[in-house]
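Novice: Here it is: the structure, laid out below.
Here, each number is a calculation from the coordinates, and none is a lab measurement. Small disclaimer: the values here were computed from a predicted structure and weren't measured. Cβ coordinates were reconstructed from backbone atoms using ideal geometry, including for glycine residues, and neighbour counts include every protein chain displayed.
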Protein chains: 6
Amino acid sequence: MRLLVVNVNTSEAMTAEIAQAARAAASPGTEIVPLTPDFGPASVEGNYESHLAAVAVCQRVARHTDPYDAVILAGFGDHGREALQEVCRVPVVDITEASAMTAMLLGHSYGVVTTLDRTVPLIRDRLLTAGLTARCAGIRAADVPVLELESDPGSSLDQIVEQARLLVEVDRAEVICLGCGGMAGLSERIAAELSVPVVDGVAAAVTHAESLVRLGLTTSRVRTYARPLPKPVTFPSGAPATIGGAGA
Amino acid sequence: MRLLVVNVNTSEAMTAEIAQAARAAASPGTEIVPLTPDFGPASVEGNYESHLAAVAVCQRVARHTDPYDAVILAGFGDHGREALQEVCRVPVVDITEASAMTAMLLGHSYGVVTTLDRTVPLIRDRLLTAGLTARCAGIRAADVPVLELESDPGSSLDQIVEQARLLVEVDRAEVICLGCGGMAGLSERIAAELSVPVVDGVAAAVTHAESLVRLGLTTSRVRTYARPLPKPVTFPSGAPATIGGAGA
Amino acid sequence: MRLLVVNVNTSEAMTAEIAQAARAAASPGTEIVPLTPDFGPASVEGNYESHLAAVAVCQRVARHTDPYDAVILAGFGDHGREALQEVCRVPVVDITEASAMTAMLLGHSYGVVTTLDRTVPLIRDRLLTAGLTARCAGIRAADVPVLELESDPGSSLDQIVEQARLLVEVDRAEVICLGCGGMAGLSERIAAELSVPVVDGVAAAVTHAESLVRLGLTTSRVRTYARPLPKPVTFPSGAPATIGGAGA
Amino acid sequence: MRLLVVNVNTSEAMTAEIAQAARAAASPGTEIVPLTPDFGPASVEGNYESHLAAVAVCQRVARHTDPYDAVILAGFGDHGREALQEVCRVPVVDITEASAMTAMLLGHSYGVVTTLDRTVPLIRDRLLTAGLTARCAGIRAADVPVLELESDPGSSLDQIVEQARLLVEVDRAEVICLGCGGMAGLSERIAAELSVPVVDGVAAAVTHAESLVRLGLTTSRVRTYARPLPKPVTFPSGAPATIGGAGA
Amino acid sequence: MRLLVVNVNTSEAMTAEIAQAARAAASPGTEIVPLTPDFGPASVEGNYESHLAAVAVCQRVARHTDPYDAVILAGFGDHGREALQEVCRVPVVDITEASAMTAMLLGHSYGVVTTLDRTVPLIRDRLLTAGLTARCAGIRAADVPVLELESDPGSSLDQIVEQARLLVEVDRAEVICLGCGGMAGLSERIAAELSVPVVDGVAAAVTHAESLVRLGLTTSRVRTYARPLPKPVTFPSGAPATIGGAGA
Amino acid sequence: MRLLVVNVNTSEAMTAEIAQAARAAASPGTEIVPLTPDFGPASVEGNYESHLAAVAVCQRVARHTDPYDAVILAGFGDHGREALQEVCRVPVVDITEASAMTAMLLGHSYGVVTTLDRTVPLIRDRLLTAGLTARCAGIRAADVPVLELESDPGSSLDQIVEQARLLVEVDRAEVICLGCGGMAGLSERIAAELSVPVVDGVAAAVTHAESLVRLGLTTSRVRTYARPLPKPVTFPSGAPATIGGAGA
């Protein structure tokens, strides 16, 4: 079985980290094919970046011509899962929903610890449209930018553990979900500190994707995820207008 | 990996059918150990029967002394998953939630087709406490008793397909869940009729259980599913009082 | 009018305490018939114990052959009400729902103070399936085991009052429900401390049961609570497997 | 025990009918004191009328100087319960919530059959703020004006039964609530037709009010239903401006 | 365009303040016609007062014979909007809903800061029936009576700012709504302190009302807000019974 | 005041139609500046197209260097509003939420009639994350592709009216929202057929945007809609991979 694991940003280092987490979770015989988008933002920490990443992810997958059995979207709380489901004939699993579902099998409620405060509402909205908020005890931010996780994961650990502890003790979460693709690898240390299960989304998504492939099931085409209708679609030429910089 | 698959009623024939469905879904190297409760109702179609089955299932698992890696509770909409989670050190997966989660990965909403009208509210309540109703489009009964499925599955197929069709066309479900452990084996024929994915709970549960085992995760002990406190517990002696019979 | 009041555990002392609370609330002419299950756990503080108690309660009621007009299930947050409704021809009232309903007649929102933290999610799930969470301001645990309430109710009072105060001041509850059958008798002291109404579930249930009897109404048989279908049901022989002990 | 039962409109005939239903449900020793507002609308079938009736009801009760133990507000879906709770030192029970609560003790879900289609959203909003919608299966109107019920209850019966049947068969209600104070007296005939319990709000409210009195409980004063602050309040002089007439 | 802006209490000073806020928000060419009820409470801080004010507001508008294009109900959390919609042929806008809607256009969630703790549940219920709670982060009271705002708005500012700060920092509101008609004029100072948008309900309502008029739209008559049916309606004569005073 | 009105697809004809609807609703002195994205899909009828359109819309607005006061996103049910809110210093109004809010001021519930069945879940999810579903009675599709509306609006009218009628009569909507930017212009004819208010999203959005500008309010920067952080962002070069065509 061959799983595409698509990073949502253009950081090759983060793609490598995600691939490592995916391979650690994969069954024997499952090949992990990591993909990095050809364009888009260096990290996804907001809505504009998330939409652009969704397009870049779909394009990257669309031009992957070798066969594959499922696709994993490795951006926590980001857009793009529904679009990939339209585009791909094979099952698509998003790490946000994958980790929430795995967590719901392990405890009465779960909490999410993520990077920046500004992404908390995006994650909540993703869980809301996925129909998975009923047992979400809370979402807390450790105030660590995505790329800092990558450059120095150790230094961020304390802040992440502190927020996870509040999720368990104050918000009454019974399981912790790591709310960022770049947190893969921290789960064991957090679990050791808190004595609750800790779910890494990439690992969870690999197992859900393998499961769907083994069951021979793929996305329903009956309505929401029908294939895109053939129609003229154009792409930008030239450099993007600057968004969010000092002069904007 | 060894998975216990526990039927909820005392029908050995249904246990065999469930075991067959489980084996068909299992990965190479996964051993399916089917268990039938030592006591309890011949079929579970109501609340009293469901509580008794929950006790019988826990007892049956508790006296299984060989090692195992996860437990699957093979009763759709029945009680007992939370109790098993307290009792077992390994992960526990219920076919109700397993099939709903798998379905939610495949479409925007799902529907459940079950046996008797009287079990519809039980299934809804199970999904409600599992936090999985937000994308449940509907639950419909085919008016087929559980044991009739077992004795003659073919003759029930038309009624099940008809209700599944209403779920897709009227209730706007995009995926169908088979709402009875005894429906395992009908999924392909229903999928062929309706052109939507059809999820069998036993098969789905096998893959979720395998996933949890591979991820090295088990039930959180922090609160809801803490182990039962040691205390005196007694069991009945003699035959049960008749419940629900003509003379009651 | 004769009301069966069924304790959920095998403690005769607690049955006596419940009976006393029931008699204090009963109208003149109402006879309280306390019942203790013949088997089951010494106290109900988890899901396995709750299912076993549900079976034991139904069995105890089923073998009570003298006439009665209604049944009260005296376990807060425990399972079994729906099963009793199937089994009994007369109305069944659970103290969980009875106290929530009474509280909702008295204030804009209510809070529940219970014994152990681990039972909080069980209570929430009971209120959820009963459709009574919309005005539940919170559920807090006083960290007092059920049987300690019985052996020394006075010493637990301070902890219960403290949690009730937090429910009123922090969670904005306007009425307090006592979330354990064994708390009957503490309501006046708590009300005196907090100046809000305090509802004891046993007392509330007695009045709701009397009301249903006087109105000549009993459980609907149309679907969920239809009588169990006649079918073979067997019971365990011998001692139960140990669950939750040190060696498990 | 003495219960004030306040009609919401100025029809003495309807007050008499309500009083009769109340007396039929009351315990021995309970005295029913029917009250008709001194002013207000001849029937309450909309929001303006409902607010005016709420004021008239509070005024009528405020000038009742003899002692009483509880108050019943006999308008289904109408405003005024919260205001009466502020005004009265004794418990207040509204027939809308009383009937929903009684129904929820009898079945998994309930439906309401009312008079005019335009009052359906008012009833829904009342149940919503009362926190009682979670198990409301539906509200249907029989297209019968309130005063027609009074003048000729028999002729309306067929339409009411037809809507009740749809609530049971289509909306899956297991209990029917009669959604108008003036429907008191029809419950037996509807129950006979449909084989489900039928709850009359006035009768249900009498039993809930008696229960609260016996439990020695009254409205919480901690926040929402604190007594009105003393302040200047003036009343209109002269005739009201015409509202809703042909010339408006 | 001519907008009626109706105060809910009999304080002419507050009417003047509301009119000033309305005029500051109105477009050129929009005439603001402030109205004070002829009767009713000096301030609205509870349910009885709110129903009486609703009647008084409807009566005041009904006897306004000059033409007008829309009506603004200037009481935050008070009753009466639905009644005015029945009574008036032109659009009606309530400041509660107007401010919530405006706030929802500006941030992911909003918070309301109001006067007295006892009005918090009334505001929540208004937002609930308006269908606007999903993004309400919280409602907090500054513990300032309505009439104190009028007599000395400056002295209340600190308490209001403090609660608004808690809404932003603890409850995660991104926009603040001023939860009292009498807070008009404080918005700029609060916005300066907190760096989030602050919405004054009167100003917001003026723009919503102007919008509806320009779009040529008015209240739907199809069901809920159908015109009141012509029927006998009477009014009180003489002074009201005292409610809520020391002797009550 | 100058409002940018951004079409979501690359059809200049539809931009012109939207501009016409916007101008018809604008106040005197409001200048409507229509914009068409430089790239993206010819019509937006799915998730991939919606994300690409969101990026294209943000880019189109970002390179508009003349001053403007607010932005209107003229795609019903499409993504991109939150991204525009991050990108723009001025208020942003989406026609989906604008029409729902306007409708909620006019009736107790609203319904949406849209083009294709496959877009119904997208619209529902947009309303869900906007917090506006509580009073949404239903969403129905007329089975008319977006571009057909443009080429021949008259011929689609019957199908749209039929679905609107079902929304009013079956789903109990009291107001109809036109669920497609391209339906602007049909509102009068539908209103004439059905006697309920009909809201065109573009017109509603113009009035909401004007309102925010007049109130001097813009998007909260405190959390969700903080400005994008400066970071490397790249764009694609060359033609897009084909998505959704026959060969995909």
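Novice: Any idea what diffusion coefficient the protein assembly as shown gets from Stokes-Einstein, in µm²/s, Kirkwood Rh on alpha carbon pairs, 4 °C, 1.567 mPa s? Write out the running numbers ahead of the final one.
Specialist: Working: Rh = 33.1 Å.
It comes out at roughly 39 µm²/s.
Novice: Could you work out the mean projected area of the convex hull around the alpha carbons of the stretch D:64-106, in square nanometres to one decimal? Intermediate results must be reported in sequence, preceding the final value.
Specialist: On the way: hull surface 13.8 nm².
Answer in nm², one decimal: 3.5.
Novice: Counting Lys and Arg as +1 and Asp and Glu as -1, what is the net charge of the other residues whose Cβ lies under 12 Å from the Cβ of E:Ile190?
Specialist: Working: positive: E:Arg165, E:Arg189; negative: E:Asp158, E:Glu162, E:Glu188, E:Glu193, E:Asp200.
Net charge in that neighbourhood comes out at -3.
Novice: Compute the Rg to Rh ratio over the stretch A:1-118 from the alpha carbon atoms, using the Kirkwood formula for Rh, and round to two decimal places. Walk me through the intermediate numbers first.
Specialist: On the way: Rg = 14.0 Å, Rh = 14.7 Å.
Taking Rg over the Kirkwood Rh, I get 0.95.
Novice: Let me ask something else. Can you give the local net charge around D:Ala205? Use residues other than it whose beta-carbon is closer than 11 angstrom to its beta-carbon, Lys and Arg +1, Asp and Glu -1. Mind showing how you got there, number by number?
Specialist: Values: positive: D:Arg81; negative: D:Asp94, D:Glu97, D:Asp200, D:Glu210.
Summing Lys and Arg as +1 and Asp and Glu as -1 gives -3.
Novice: Below 8 Å between Cα atoms, with a sequence gap of 6+, how large is the relative contact order for chain E in percent? Intermediate values should be presented prior to the final figure.
Specialist: Working: 496 pairs, mean separation 52.8, N = 248.
The normalised contact order for chain E reaches 21 percent.
Novice: Fewest Cβ neighbours within 10 Å first, please rank E:Leu105, B:Leu215 accordingly.
Specialist: Numbers: E:Leu105 29, B:Leu215 21.
Arranged by neighbour count, lowest to highest, E:Leu105, B:Leu215 become B:Leu215, E:Leu105.
Novice: For chain F, what does -39500 (n - 2.57) per DSSP helix run (n ≥ 4), summed and divided by total residues, give at 222 nm, in deg cm²/dmol to the nearest 500? Don't jump to the answer; show the numbers that get you there.
Specialist: Details: 9 runs with 103 residues, N = 248.
About -12500 deg cm²/dmol.
Novice: Using a Debye calculation, one point per C-alpha and no hydration shell, please list log10 I(q)/I(0) for the stretch C:78-130 at q = 0.25, 0.29 Å⁻¹ in order.
Specialist: -1.06, -1.20
Novice: Now, a different point. If one computes P(r) from the Cα atoms of the stretch B:71-177, what percent of pairs lie at distances over 21 Å? Don't skip to the answer; put the middle values down first.
Specialist: Details: 2063 of 5671 pairs.
Tail of the P(r) past 21 Å holds 36 percent of the pairs.
Novice: Here is a further query. Among A:Met1, D:Met104, which comes first, second and so on when ranked by fewest other beta-carbon atoms within 10 Å? Mind dumping the intermediate values first?
Specialist: On the way: A:Met1 15, D:Met104 24.
If I rank by nearby Cβ atoms, fewest first, I get A:Met1, D:Met104.
Novice: Which Rg and Dmax, in Å, describe the Cα atoms of the stretch B:115-241?
Specialist: Rg and Dmax of the stretch B:115-241, Cα atoms, are 18.3, 54 Å.
Novice: Between F:Glu31 and A:Gln20, what's the calculated FRET efficiency when r is the beta-carbon distance and R0 is 51 Å? Round to 0.05.
Specialist: Values: r = 55 Å, r/R0 = 1.08.
It comes to 0.40.
Novice: Right, next: Name the residue, out of D:Pro91, D:Pro41, D:Pro28, whose mean-square fluctuation peaks in a Gaussian network model built on chain D with Cα pairs under 10 Å.
Specialist: The residue with the greatest mean-square fluctuation here is D:Pro28.
Novice: Please report the orientation-averaged projected area of the stretch D:182-225, defined via the convex hull of its C-alpha atoms, in nm². Don't skip to the answer; put the middle values down first.
Specialist: Numbers: hull surface 18.8 nm².
Averaged projected hull area, Cα only: 4.7 nm².
Novice: Using Cβ counts within 10 Å as a stand-in for footprinting exposure, how do F:Leu122, D:Leu73, D:Leu229, B:Leu106 rank, fewest first?
Specialist: Details: F:Leu122 26, D:Leu73 32, D:Leu229 16, B:Leu106 23.
Listed from fewest to most nearby Cβ atoms, that is D:Leu229, B:Leu106, F:Leu122, D:Leu73.
Novice: When chain F is treated as a GNM, springs tying every alpha-carbon pair under 10 Å, which of F:Ser43, F:Ser27, F:Ser99 comes out with the largest mean-square fluctuation?
Specialist: Its mean-square fluctuation being the largest, the pick is F:Ser27.
Novice: Most fluctuating residue of C:Thr65, C:Thr36, C:Thr218 in a GNM of chain C with Cα springs under 10 Å: which is it?
Specialist: Highest fluctuation among the options: C:Thr65.
Novice: Sticking with this one: Under a point-charge model restricted to the Cβ atoms of Lys and Arg (+1) and Asp and Glu (-1), what is the dipole moment magnitude of the protein assembly as shown relative to its Cα centre, in debye to the nearest 20? List each step's numbers first, then the result.
Specialist: On the way: 114 positive and 168 negative charges, 0 e Å.
The calculated dipole for the protein assembly as shown is roughly 0 debye.
Novice: Just the projected area, averaged over all directions, of the convex hull on the alpha carbon atoms of chain C: how many nm²?
Specialist: On the way: hull surface 56.7 nm².
That works out to 14.2 nm².
Novice: Provide the net charge surrounding F:Arg126, with neighbours chosen by a C-beta distance below 11 Å and charges set as Lys +1, Arg +1, Asp -1, Glu -1.
Specialist: Working: positive: F:Arg81, F:Arg124; negative: A:Asp125, F:Asp78, F:Glu82, F:Asp94, F:Glu97, F:Asp125.
So the environment of F:Arg126 carries a net charge of -4.
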